[in-house]
Amino acid sequence: MVPTMSESKQPSTHLDVSGLSARRGGRTIFEGLSFSLINGTSLMVTGPNGSGKSTLLRILAGLLRSEAGTITLTPEDGAEICYAGHRDGLKGGLTVEENLGFWAKLYGANQEAVEQAIDRMALETVLDMPADMLSAGWRRRAGLARLALGTAPIWVLDEPYTALDAENVVRIDGVLNDHVNAGGIVVLATHQAPGFTPSNQINMANYPAKTSEVDW
């Protein structure tokens, strides 16, 4: 069985960001950003549109390069990151169950872990439906279910509450709280205050480019 974060405490994990800057479209959109997170901590990233929230998360996930600065993960070989962006990561022609099976193979999770993820996100009634037939809320829940399949200690989430009703906002709050309480790290960008209390918060508007360039 592949244990989830809620089932086993993780070894010491650190995410250290120092002097980070990013460019987009040839323009610097933020610079001088630094923060440190350890086991059992979380960071909420806020700021106006175009201030670099999504860019920051994609850099943390290794999908974009920074212009300057460093990102240090400790341990180097064990501080895996699970990223969930604006897109749900679902293959539209596959059923929800087939999508979860794909993610389970990728993460090395067994059927028991899949069943736990299904139960956690209450997906039982849509398992045989193609992802393309799901509403936005159902797609979001099915996409976030993959968080429960792996053992990555660091979760990087871009607007995880999008398209969710109040009941399912509470559901996601519980998943995030369990992850942090088990020693995980959560970094999330959101326009709304989440139902769990992050231990740290940064506003990207406080890290504008200190040049004459026009921010995106």
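The values are calculated or read from the model by the stated rules, or taken from the named source; none is laboratory data. The structure presented is a predicted model; accordingly, all values stated were derived computationally and were not measured. Cβ coordinates were reconstructed from backbone atoms using ideal geometry, including for glycine residues, and neighbour counts include every protein chain displayed. All accessible areas refer to the heavy atoms of the entire protein, side chains included, with ligands and DNA or RNA removed. Shrake-Rupley method; radii C 1.70, N 1.55, O 1.52, S 1.80 Å.
Given the criterion open to solvent by less than 30 Å² (accessible area, probe 1.4 Å) and over 17 Å from the mean Cα position of the chain (by Cα), identify the matching residue among Ala113, Ala136.
Among Ala113, Ala136, only Ala113 is open to solvent by less than 30 Å² (accessible area, probe 1.4 Å) and over 17 Å from the mean Cα position of the chain (by Cα).
Looking at the stretch 45-62 only, could you name the residues that are open to solvent by 20 Å² or more (accessible area, probe 1.4 Å) and on the phi < 0 side of the Ramachandran plot?
Thr46, Pro48, Asn49, Ser54, Arg58, Ala61
If I go through the stretch 14-64 residue by residue, how many of them are among the basic types (Lys, Arg) and either touching a strand residue (DSSP E or B) at 6+ places or on another chain (Cβ under 9 Å) or free of Cβ contacts under 8 Å to residues at least 12 places away in the same chain (or both)? I'd like the intermediate steps shown before the answer.
So in the stretch 14-64, the residues among the basic types (Lys, Arg) come out as 23-24, 27, 53, 58.
Filter again for either touching a strand residue (DSSP E or B) at 6+ places or on another chain (Cβ under 9 Å) or free of Cβ contacts under 8 Å to residues at least 12 places away in the same chain (or both), leaving 23, 53, 58.
Of the residues in the stretch 14-64, 3 are among the basic types (Lys, Arg) and either touching a strand residue (DSSP E or B) at 6+ places or on another chain (Cβ under 9 Å) or free of Cβ contacts under 8 Å to residues at least 12 places away in the same chain (or both).
Given (1) in contact with a Gly (Cβ under 8 Å, 6 or more places away or on another chain); (2) closer than 19 Å to Ser42 by Cα; (3) of a type in the set (Asp, Glu), where does Asp178 come up short, assuming only one miss?
Of everything listed in (1) in contact with a Gly (Cβ under 8 Å, 6 or more places away or on another chain); (2) closer than 19 Å to Ser42 by Cα; (3) of a type in the set (Asp, Glu), Asp178 misses just condition (1).
Among the residues of the stretch 13-30, write down those that are part of a loop (DSSP other than H, G, I, E, B) and within 17 Å of the chain's Cα centre (by Cα). Explain how you work it out, then say what you get.
Pass one, the stretch 13-30, residues part of a loop (DSSP other than H, G, I, E, B): 13, 25-26.
Result: Thr13, single match.
Taking only pairs six or more apart or across chains, which ones have beta-carbon atoms under 9 Å, a first residue in the stretch 109-138 that is closer than 20 Å to His86 by Cα, and a second residue that is exposed (fewer than 12 other Cβ atoms within 10 Å of the Cβ)?
Close Cβ pairs satisfying both conditions: Pro130/Gly93; Ala131/Gly93; Asp132/Gly93; Gly137/Asp165.
Do you know which residues across the stretch 158-192 are open to solvent by less than 10 Å² (accessible area, probe 1.4 Å) and at pLDDT below 90?
Thr190
For the stretch 99-216, which fully contained strands (runs of 3 or more DSSP E) count at least 3 residues that are among the charged types (D, E, K, R)?
On the way: elements: 154-158, 185-189, 200-203.
The strands (runs of 3 or more DSSP E) meeting that bar number zero.
Please indicate, with yes or no, whether at least one residue in the stretch 65-77 is part of a loop (DSSP other than H, G, I, E, B), touching a Gly at 6+ places or on another chain (Cβ under 8 Å) and in contact (Cβ under 8 Å) with a residue 40 or more places away in the chain. It would help to see each step written out before you state the result.
Step one: of the stretch 65-77, the residues part of a loop (DSSP other than H, G, I, E, B) are 65-67, 75-77.
Restricting the remaining residues to those that are touching a Gly at 6+ places or on another chain (Cβ under 8 Å) gives none.
No, there is no match, as no residue in the stretch 65-77 is part of a loop (DSSP other than H, G, I, E, B), touching a Gly at 6+ places or on another chain (Cβ under 8 Å) and in contact (Cβ under 8 Å) with a residue 40 or more places away in the chain.
Could you please let me know if Leu94 is aliphatic (A, V, I, L, M) and closer than 25 Å to Asn200 by Cβ? Can you show your working first?
Working: aliphatic (A, V, I, L, M): yes; closer than 25 Å to Asn200 by Cβ: no.
No; evaluated as a whole, the condition is false for this residue.
Tell me which residues, restricted to the stretch 12-30, are among the polar types (S, T, N, Q) and either surrounded by fewer than 18 Cβ atoms within 10 Å (Cβ to Cβ) or over 24 Å from Asp178 (Cα atoms) (or both).
So in the stretch 12-30, the residues among the polar types (S, T, N, Q) come out as 12-13, 18, 21, 28.
Scanning the stretch 12-30 gives Ser12, Ser18, Ser21, Thr28.
Could you list all residues from the stretch 81-105 that are surrounded by 14 or more Cβ atoms within 10 Å (Cβ to Cβ) and touching a residue at least 60 places away in the same chain (Cβ under 8 Å)?
Within the stretch 81-105, Ile81, Cys82, Tyr83, Ala84, Gly85 meet the criteria.
Does Leu33 fit the bill of being assigned to a strand (DSSP E or B) and either open to solvent by 40 Å² or more (accessible area, probe 1.4 Å) or on the phi < 0 side of the Ramachandran plot (or both)? Spell out the reasoning first.
Working: assigned to a strand (DSSP E or B): yes; either open to solvent by 40 Å² or more (accessible area, probe 1.4 Å) or on the phi < 0 side of the Ramachandran plot (or both): yes.
In short, yes.
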